[in-house]
Structure formats: structure tokens, C-alpha cells
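Shown next, in C-alpha cells, is the structure this report addresses.
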Amino acid sequence: MGNDELLVVVAGRPTLRRPEGERELRPGDCIHFPSGEPGAHQVINRSADEARVLLVSNFSLPRAAVQVDSRKMMIRWGVGPDEREWFPLDASTDHWAGE
């Protein structure tokens, strides 16, 4: 799921949230996020000051991403805003249902 991503903090002190906890980042910090669950992350600016980050990705399609807090999965098949769909993780069905 997802793509490899590389984050570089350009300015400010954003907070990096990962499954193992949070930490404040500083300008110059460079972090690699592998694809899939090991790379799960969220970047939050909790400061009143502006924060800038550069995020580089090997964006490939189709792709999937999971929002852990809201228990949703996003499937993206294109780059436009109408080329993705969100699904609740608990909306399970059998492969042959409706066939």
C-alpha cells in the first residue's frame, strides 16, 4: 500500500506522528517513509509559525492508504480529485457477493 516517500523539513518545527509516537522536527531533518504500514505517518504544524516541508514520492497507481484514526481506506486510481474513493475498514464483503 502507498508509496515510498521522503520528507525534508525546509522551515519551521512540524510534529511527525508515527505509530510509535510523536517527535518535533527541525529544518534540515530528512526522513524516509517506506511503503505500507511501516511507513505510516502524519505531519502536523502545531506551531503558530509557518512550517514548510518538501515531500517526494514515487507516486504509482493504483495505490491505497489507510487512515488509522478514522478506520478508513482510500483507493486512488488517478490523480484527479474524482479518481479516488474512501471505504470504512469494517465494510467487509465476500469476493463473490453480488456476482
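Here are a few things to note about the model shown:
- Here GLU37 meets each of (1) modelled with pLDDT of 95 or more; (2) among the acidic types (Asp, Glu); (3) within 12 Å of the chain's Cα centre (by Cα) with one exception, condition (1).
- SER47 among the polar types (S, T, N, Q) and farther than 29 Å from PRO62 by Cα: yes
- Considering region 29-40, the residues that are of a type outside the set (Val, Ile, Thr) and surrounded by 13 or more Cβ atoms within 10 Å (Cβ to Cβ) include one that is nearest to SER70 (Cα to Cα), namely ALA40.
- Of the set (1) under 12 Å from the mean Cα position of the chain (by Cα); (2) in the same structural domain as GLU5 (by TED's automatic domain parsing); (3) at pLDDT 85 or above, all apply to MET74 but (2).
- Looking across GLU22, GLU50, one residue alone is under 23 Å from MET74 (Cβ atoms) and acidic (Asp, Glu). It is GLU22.
Here's the yes/no breakdown for (1) assigned to a strand (DSSP E or B); (2) surrounded by 12 or more Cβ atoms within 10 Å (Cβ to Cβ); (3) modelled with pLDDT of 85 or more:
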site	(1), (2), (3)
ASN3	no, yes, no
ARG13	no, yes, yes
PRO27	no, yes, yes
ARG46	no, no, yes
SER70	no, no, yes
GLU85	yes, no, yes
SER92	no, no, no
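Conditions tested, residue by residue: (1) of a type in the set (A, V, I, L, M, F, W, C); (2) out of contact with any Pro (no Cβ under 9 Å at 6 or more places or on another chain).
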| residue | (1), (2) |
| --- | --- |
| ARG13 | no, no |
| ARG17 | no, yes |
| GLU20 | no, yes |
| PRO27 | no, yes |
| ILE31 | yes, yes |
| GLU37 | no, no |
| VAL66 | yes, yes |
| SER70 | no, no |
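- Residue pairs meeting the criteria (Cβ under 8 Å; at least 6 apart or on separate chains; first free of Cβ contacts under 8 Å to residues at least 12 places away in the same chain, in region 74-91; second among the charged types (D, E, K, R) and not in a loop (DSSP other than H, G, I, E, B)): GLU83/ARG76; ARG84/ARG76
- Selection count where residues are closer than 17 Å to VAL56 by Cβ and exposed (fewer than 15 other Cβ atoms within 10 Å of the Cβ), scope region 15-25: 0
- Counted residues, region 14-25 - those being in contact with a Lys or Arg (Cβ under 6 Å, 6 or more places away or on another chain) and either without any contact (Cβ under 8 Å) to a residue 24 or more places away in the chain or over 23 Å from GLN67 (Cα atoms) (or both): 1
The values are calculated or read from the model by the stated rules, or taken from the named source; none is laboratory data. A quick note: this is a predicted structure, and the numbers were derived from the prediction, not measured. Glycine also receives a Cβ, built like all others from the backbone with ideal geometry; neighbour counts cover every protein chain displayed.
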